[in-house]
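Rule-based calculations on the coordinates, nothing more; no lab input. This structure is a prediction, so every number in the text was calculated from the model and none was measured. All Cβ positions, even for glycine, are placed from backbone atoms using ideal geometry, and neighbour counts span all protein chains on display.
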Amino acid sequence: MYGKIKDFLAQELKKLEEQKLYKHERIIESPQGPEIIVRGKKVLNFCANNYLGLSSHPELIKAAHEAIDNRGFGLSSVRFICGTQDIHKELERRVSEFLGTEDTILFSSCFDANGAVFEPLMTEEDAIITDALNHASIIDGIRLSKAQRWIYAHNNMSDEVTIDPATGKELKGLERCLKEAQSCRFRLIATDGVFSMDGDIANLPKIVELAEKYDALVMIDDSHATGFMGKTGRGTHEYHNVMGKIDIITTTFGKALGGASGGCISGRKEIIDWMRNKARPYLFSNTLAPSVVGATLKALELLTESTYLRDKLEANTKMFRKMMTEAGFDIIPGDHPIVPIMFSKYPNSSEIAVEFANRMLDEGIYVIAFSYPVVPRGKDRIRVQLSAAHETHHIEKAVEAFVKVGKELKIIN
């Protein structure tokens, strides 16, 4: 039986290789940080979600060790059987305080949190209205729900319907979708807080305004914002001054808050209580490991005591964006530490992006090319991500390498 599908997969994998779309893993031989070891060589890492430089922070490592010593390696249980320790409840309380929400429920990842949130809350009587560029985990979570679905054009808040010239499909704005969904019992607007491929930020003020106008709930996935966006790092709801007006926040501990694993749903108390009783990934999946809980608690403590790390990240981001723009690269404007270097104007953009990333590694800079299906066809890029762990000389070296390779490949003059 396996013979037929084996041959099919082998041919499809060969096509991916020929199209430069095969995802090769680079092996890291060191802890995560601004400098890492790859193939026995020290290189600078500019593609990690390690926004605050906490992935190998000594205080988080110490806290993880202490949690293992005091609470064990694992619990071999889901939460409601015998998988809830005092530190789990403490982390839920601390996350709620940090995000400014009423309650929080933990998951093994934000992918699980997004897989949990929609199905128990929204039925066939209800409507989910979702941004066209939402993360794959939101898309998959929505698929698990029987709710009616509307997709609005990315960050388009209008009451308009236009036609996509490339596909001929209708593109609807958020307000148009909300109007069309008025006959539904409940409406839920779902959006990323920060969109991970472009680094652009959801228009939360307008989303909240429309939600109030059309009686809808608002859910954001703030995985690429928690810990550093906003004046004190609370996230995009702080960045946009709408704290207290977001009903559901999902986020991860696997990026800025230490980079290991874990995630949560945070928001209105009744919604969180409902999730404790109905969310399948919560009811049927192991509890979060004590080491992750302990380290995440320490991360929140550090961020509550000082904004030094998020302030440094902001300064690093501004510096890199300014230098790359002055060098002549095509980058998507913004102020997020995700900085996409675009190759869209080249017919063979995926091949160029891969070649560029490979040459950057030769120059001692670790970056990765993103191509279809991670991004739409023709939107190939190298996604650079800044960290508070980067120093000025790291950023200068990275830009120097980009300029050298860019000139060699005739990307810039």
* To do: Step through the table entries K179/K206; K231/K312; K318/K379; K255/K298; K41/K318; K345/K407, compare each Cα-Cα distance with 20 Å, and write down the pairs that go over it.
  => K318/K379; K41/K318
* Ordered by residue, what ³J(HN,Hα) values in Hz, to whole numbers, does segment 257-267 give under the Karplus form 6.51 cos²θ - 1.76 cosθ + 1.60, where θ = phi - 60° and Gly and Pro are x? -> 8, x, x, 8, 6, x, x, 7, 10, 10, x
* To do: Report, as a whole number in µm² per second, the diffusion coefficient that Stokes-Einstein gives for segment 75-176 at 10 °C and 1.306 mPa s using the Kirkwood radius over alpha carbon pairs.
  => 98 µm²/s
* Asked: What order do you get for C264, C82, C47 when you list them from fewest to most C-beta neighbours inside 10 Å?
  -> C82, C47, C264
* Could you list which residues have their amide H under 5 Å from that of C264, counting only those 5 or more apart in sequence or on another chain, with H placed in the peptide plane? => F107, T251
* To do: Return the percentage of antiparallel bridges among DSSP beta bridges fully within the chain, rounded to the nearest 5 %.
  => 60 percent
* Sort I411, I382 so that the residue with the fewest other Cβ atoms within 10 Å of its own Cβ comes first and the one with the most comes last. => I411, I382
* Ratio to report: Rg/Rh of the chain, with Cα atoms as the point set and Rh obtained by the Kirkwood method; give two decimals. => 0.97
* Asked: Where does the chain land at 222 nm, in deg cm²/dmol rounded to the nearest 500, when only DSSP H runs of n ≥ 4 count, each adding -39500 (n - 2.57), divided by all residues?
  -> -12500 deg cm²/dmol
* Asked: What shape does segment 1-155 take by its C-alpha gyration tensor, where a ≥ b ≥ c are the square roots of the eigenvalues and a/c under 1.5 counts as rounded, a/b above b/c as prolate, and the rest as oblate?
  -> oblate
* Determine the gain in length on full extension of the stretch K179-K41; use 0.36 nm per residue of separation and subtract their C-alpha separation, reporting nm with one decimal. => 44.0 nm
* Asked: Roughly how many whole Å is it from the C-alpha centroid of segment 253-297 to that of segment 22-59?
  -> 25 Å
* Structure fact -> Low-density loop GluC sites (Glu not before Pro), segment 8-54, at most 13 other Cβ within 10 Å, DSSP non-H/G/I/E/B, are E25, E29
* Structure fact -> When D311, D198 are ranked with the fewest other C-beta atoms within 10 Å first, the list becomes D311, D198
* To do: Quote the Stokes-Einstein diffusion coefficient, in whole µm² s⁻¹, for segment 335-413, based on the Kirkwood radius over alpha carbon pairs, a temperature of 10 °C and a viscosity of 1.306 mPa s.
  => 123 µm²/s
* To do: Would you please give the residues with an amide H less than 5 Å from that of V384, counting only those at least 5 places away or on a separate chain, with H modeled from the backbone geometry?
  => V339, I341
